[in-house]
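To keep things clear, I will list the structure first and then write my remarks on it.
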Amino acid sequence: MRDFVFVLEQTLGHIAHSNNLERVIRADPEVAPTFVHLDFERRHGWQRLPALGNWSFRASVAARRGLIRKIKVKAPDAIFIHTQVAALFATGLMRRIPTVVSLDATPLNFDRVGSAYSHHVSHPSLETAKLAINRRAFAGATGLVTWCKWAADSLRDDYGVPSEKVRVIPPGVDTSIFSPGNRDGRGPVRLLFVGGDLERKGGLDLLQALGSFEGQVELDLVTGSSPPPAPAGATVRVHRGLKPQSAELVRLYREADIFVLPARGDCLPQAIAEAMASGLPVIATSVGAIPEMVRDGENGLIVPAGSPAELARAIAALISEPQRRATMGAAGLEKARRDHDMARNNRSILTLMSDLAEARNFAVGLA
């Protein structure tokens, strides 16, 4: 029986990943897990002070406290920390206990797409300090898991992490939940958009592009934002407050013909993996690691970010070619099952933790 601790960030798309990972872990009879959840909204009074409310600071403090509480009772065989923002104050612990740090994007990756998140690069002296702190955390980890090659390349090129220390393991999608529907092809083509931040995810660009398709398409808009009025003649159904993997969300994927996510800033959006697992062709942009998921002309179309005109042309191209949509959807489904299977990918994380724990025990035995 392996005694593992999992420190899991509970923000944005990381919540669905956390839920999926926990489900796989709890089903493994060889793992005795302890979970430390890092809730973005929960703050102590002192964390409301300037600078101390920074998420990296709050997450790292909470992670260190949770790990120390566990270690005082019994030292675990291995630790898993997702994401790296929670590992900044755990370097000493990571040197004692085999630790995997997981991330969707490095801080420098995020800087490159950050303007869409209203994130801005700080003063050069602060950026130098941030780089040093993150390099120290990455060096302290026994192993690193990235969701994508984009982040793995940044670890190597920007932070000097040896390639052999890094594994690319996408978070994956539950293919037992997300699967192709049985649309009969009659009626208007149904578009689906899923993005909590309407502007950053490109929802406003999509609404603007819809003005070209009166009567030809219907749009289901899943968001946490309040959208502006739809263009005249456009059919738009707004769905707010849907939970990840909910029956209503799954139904919308199964009833759609095309998934559209023209993001202006993103890393590796899980909604695209869900769309591929649902057999949908995807129209997206080339920001972040999206090109690793959507191959232009193969399982979808890539358009420039912030270009409603180009987006409208891509939608028109797929509206007019049902067979092309089907071919792209099948290619995406194959890719989802091959590269983004949640259960298989999360078991790979457990295998990695076990291997690192065994290697550490072996090294201690030789000492």
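The values are calculated or read from the model by the stated rules, or taken from the named source; none is laboratory data. No experiment lies behind these values; they were computed from the predicted model shown. Using ideal geometry, Cβ is built from the backbone for each residue, glycine included, and neighbour counts are taken over all protein chains shown. Keep in mind that these areas ignore ligands, DNA and RNA; they rest on the heavy atoms of the full protein, side chains included. Shrake-Rupley method; radii C 1.70, N 1.55, O 1.52, S 1.80 Å.
Charges only on Cβ, +1 for Lys and Arg, -1 for Asp and Glu: so what's the dipole of the chain about the Cα centre, in debye to the nearest 20? Let's see the in-between values first.
On the way: 44 positive and 38 negative charges, 269 e Å.
So the dipole magnitude of the chain works out to roughly 1300 debye.
Skip the ligands, DNA and RNA, and give the accessible area per residue of the chain with a 1.4 Å probe, whole Å². Mind dumping the intermediate values first?
Values: 16250 Å² over 367 residues.
Value for the chain: 44 Å² per residue.
Across the chain, how many lysine pairs, 8 or more positions apart or on different chains, have C-alpha atoms separated by under 22 Å? Please give the number.
Pairs that pass both the separation and distance tests number 5.
Please state the equivalent ellipsoid semi-axes for region 208-367: what are the square roots of 5 times the Cα gyration tensor eigenvalues, largest first, in whole Å? Mind showing how you got there, number by number?
Values: eigenvalues 278, 58, 45 Å².
Working from the Cα gyration tensor, I get semi-axes of 37, 17, 15 Å.
Gaussian network model of the chain, Cα springs within a sub-10 Å range: biggest mean-square fluctuation belongs to which of 32, 263, 305?
Fluctuation is largest for 32.
Calculate the radius of gyration of the Cα atoms of the chain to one decimal place, then report Dmax, the largest Cα-Cα distance, as a whole number, both in Å.
21.5, 74
Can you sort 157, 197, 3 by solvent-accessible area, 1.4 Å probe, largest first?
Descending accessible area places them as 157, 197, 3.
In whole angstrom, and with the biggest value first, how far do the Cα coordinates of region 47-153 range along each principal axis?
Its Cα atoms span 43, 37, 22 Å along the three principal axes.
GluC sites (Glu not before Pro), restricted to region 259-302: which are DSSP loop and have at most 13 other Cβ atoms within 10 Å?
Qualifying residues, ordered by number: 298.
What does the charge count around residue 312 come to, taking other residues whose C-beta lies under 15 Å from its C-beta (Lys +1, Arg +1, Asp -1, Glu -1)?
Net charge around residue 312: -2.
Test of understanding: what is the full-extension gain from residue 247 to residue 338, defined as 0.36 nm times their sequence separation minus their Cα-Cα distance?
Length gained between residue 247 and residue 338: 30.4 nm.
What figure in square angstrom, to the nearest 10, would you give for the accessible area of residue 327 with a 1.4 Å probe?
Rounded to the nearest 10, that gives 80 Å².
Would you mind computing, in nm to one decimal, how far apart the modelled labels at residue 123 and residue 55 are, each placed 7 Å from Cα along Cα→Cβ?
Calculated label separation equals 2.4 nm.
How many nm is it between the label spots at residue 28 and residue 351, if each spot is 7 Å from the Cα in line with the beta carbon?
It is 1.1 nm.
What distance in nm lies between label points placed 7 Å from Cα along the C-beta direction at residue 216 and residue 69?
Taking the two extended label points, one gets 5.7 nm.
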